[in-house]
Amino acid sequence: MRRILIVSPHFPPVNMPDAHRVRMSLPYFREFGWEAEVLTVAPEDVEARREPDLDATVPSGVPVWRTHAINPKWTRRLGLSDVGIRAWPYLYRAGSRLLATGRFDLVYFSSTVFFTFPLGRVWKQRFRVPFVADLQDPWVTGYYEHKEKQDRPPKYWLVSRLHAALERWTLPLASGLIAVSTAYTRDVTSRYRMASGFASRTIPFGGSLRDLDTAQASAPPPRPYDRSNGEIHGVYAGVLGPTMKRSCEIICRALRLGLDCDPALFGRVRLHFLGTDYANRKRTMMPIAEAIGVDEQVEEQPERLSYFEALRTLREADFLIVPGTDDPGYTASKIYPYILARKPLIAVFREESSVVDLLRRTRAGEAVRFNSGSLATESAAALLRTWESLLRKLPYEPPLVWDEFAPFTARETTRAQCQLFDQALGAAR
């Protein structure tokens, strides 16, 4: 049995999106030949919501090593709050102590806290232990280069160049690379000359039936919907933001068209966008809905739902609607819980997204596509046709083709990770 040290600064009870790959994979690593231990940051030193229920999903036999981080009230004075920077010396010391035992064959960085990834090179040079990097987001992206200043993240110029330098210093020495999108691995391998035998693979987040069952059994009841007057409730639970304004506009325009063409049907529709910006409390959907005149039928709640509350809310909806980003390289792994909820589903995504093909093959829902050249009004008209057909068929359960979805379950995506670990270890030797 081989042994792997997983570095994941966000880990239960912290609920951050990048914690779920490791959390959902831990029950299956041993089945595929790997004993896992986790190195993370103590939850009290992470500026994120804690959900104790998530702890119950971590197998009891997995060692979890927790380090401290510098108090953000001190680093914020320097304009720095990233947990990767604050925890770096603590993670280095704890990881060095663990690797010095000689019991680990591989180190695996699975996170969007990219400031921790250079530890892989440092430890490889010191302990001769290879490492694999998991790009859940692109470490370096040119997406914002041509955006207006107000649409860029804070300190974009400085942070983007620092990330570019650290990626260039780190990834060429990795023995393997996992990414949720083929575009991410393609960009990295085109930028650098990778080591001979370097292993790379596109592996999305898995969908967890265990999580859905847990949500149904233990989560608090979802928000009540008033169905006494015949209202039809559509739900999206997740982050919105600047990259999703295009799909949000398409949804609002389609709703406006529906109200104009068939007010009796679309007048019953109520859309709920929940947990859309838990960090800044900014609304993405409501300003668009107000401008188009459909705000009376749209609700946006920026405050975050708990993980299991969000899953249960999906199952209680009449239908699900998922806006996608306008980044053509982005693959939304968050679509899997929507598919497993087995509710009528509409997704509005770039035509290049893997979500489009996945929904077609699994028959789990309908995808309305757009591209950089399509007008919002044209896409809205296409959405209206799909949406109207869905509403007239309610209630129903999509005929999910399980054989097509099975490779995207948590067990099978863990199998794929372990196969890459085997390859990376072979290449390192």
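Restricting the first member to region 408-429 and to residues that are under 26 Å from ARG361 (Cα atoms) and at pLDDT 95 or above, and the second to residues that are of a type in the set (Gly, Ala, Ser) and surrounded by fewer than 18 Cβ atoms within 10 Å (Cβ to Cβ), the beta-carbon pairs closer than 8 Å and six or more apart or on different chains are GLU412/ALA406; CYS418/GLY33. Which one is nearest to ILE292 (Cα to Cα), of the residues in region 383-409 that are more than 27 Å from the chain's Cα centre (by Cα) and of a type in the set (A, V, I, L, M, F, W, C)? Among those that are more than 27 Å from the chain's Cα centre (by Cα) and of a type in the set (A, V, I, L, M, F, W, C), it is LEU384. Considering region 354-373 alone, what residues qualify as being within 21 Å of ALA254 (Cα to Cα) and within 15 Å of the chain's Cα centre (by Cα)? Passing the criteria: only VAL355. Just one of the numbered conditions (1) more than 24 Å from the chain's Cα centre (by Cα); (2) surrounded by fewer than 16 Cβ atoms within 10 Å (Cβ to Cβ) is not true of ALA254: (2).
Which condition does ASP327 not pass, out of (1) surrounded by fewer than 24 Cβ atoms within 10 Å (Cβ to Cβ); (2) within 17 Å of CYS248 (Cβ to Cβ); (3) more than 15 Å from the chain's Cα centre (by Cα), if it passes all the others? Evaluating ASP327 over (1) surrounded by fewer than 24 Cβ atoms within 10 Å (Cβ to Cβ); (2) within 17 Å of CYS248 (Cβ to Cβ); (3) more than 15 Å from the chain's Cα centre (by Cα) leaves (3) as the failure. Does PHE349 meet the test of being assigned by TED's automatic domain parsing to the domain that holds VAL239, touching a Gly at 6+ places or on another chain (Cβ under 9 Å) and surrounded by 17 or more Cβ atoms within 10 Å (Cβ to Cβ)? The answer is yes for PHE349. Applying the criterion of being touching a helix residue (DSSP H, G or I) at 6+ places or on another chain (Cβ under 7 Å) and in a loop (DSSP other than H, G, I, E, B) to the residues of region 35-56, the residue that is nearest to LEU311 (Cα to Cα) is GLU51.
With the structure loaded, tell me whether PRO59 is in a loop (DSSP other than H, G, I, E, B), over 23 Å from LEU135 (Cα atoms) and either basic (Lys, Arg) or modelled with pLDDT of 95 or more (or both) or whether it fails that test. When the stated conditions are applied, PRO59 passes them. For LEU26, the criteria (1) of a type outside the set (Val, Ile, Thr); (2) touching a Phe, Trp or Tyr at 6+ places or on another chain (Cβ under 9 Å); (3) closer than 21 Å to SER306 by Cβ hold in every case but one, which is (2). Would you be able to tell me the number of residues in region 294-318 that are more than 27 Å from ALA56 (Cα to Cα), touching a residue at least 12 places away in the same chain (Cβ under 8 Å) and in contact with a helix residue (DSSP H, G or I) (Cβ under 6 Å, 6 or more places away or on another chain)? Going through region 294-318 one residue at a time, the tally reaches 3. Does TYR336 satisfy the condition of being in contact with a Gly (Cβ under 6 Å, 6 or more places away or on another chain) and not basic (Lys, Arg)? Criteria met by TYR336.
In region 366-396, of all residues being in contact (Cβ under 8 Å) with a residue 60 or more places away in the chain and of a type in the set (S, T, N, Q), the one that is surrounded by the most Cβ atoms within 10 Å (Cβ to Cβ) corresponds to SER379. Residues that are in contact with a Cys (Cβ under 9 Å, 6 or more places away or on another chain) and either at pLDDT below 95 or outside the structural domain of VAL368 (by TED's automatic domain parsing) (or both) within region 252-296 comprise just one, THR284. Checking each residue of region 406-423 against the condition of being closer than 15 Å to LYS343 by Cβ and either buried (at least 18 other Cβ atoms within 10 Å of the Cβ) or in the same structural domain as ILE339 (by TED's automatic domain parsing) (or both) gives no match.
No other residue among THR377, THR362 is among the polar types (S, T, N, Q) and farther than 26 Å from GLN419 by Cβ apart from THR377. For region 68-90, the set of residues classified as touching a residue at least 60 places away in the same chain (Cβ under 8 Å), part of a helix (DSSP H, G or I) and out of contact with any helix residue (DSSP H, G or I) (no Cβ under 6 Å at 6 or more places or on another chain) consists of VAL83, ALA87, listed by residue number. For region 26-56, a residue qualifies if it is more than 30 Å from ARG76 (Cα to Cα), at pLDDT 95 or above and not hydroxyl-bearing (Ser, Thr, Tyr), and the qualifying residues are LEU26, PRO27, PHE29, ARG30, GLU31, PHE32, GLY33, TRP34, GLU35, ALA36, GLU37. On inspection, GLU299 fails the criterion of being assigned by TED's automatic domain parsing to the domain that holds GLU366 and either assigned to a helix (DSSP H, G or I) or aromatic (Phe, Trp, Tyr) (or both).
The values are calculated or read from the model by the stated rules, or taken from the named source; none is laboratory data. Keep in mind that this is a model prediction, so the values were computed, not measured. Don't worry about glycine lacking a Cβ; one is built from the backbone with ideal geometry, like all the others, and counts go over all protein chains shown.
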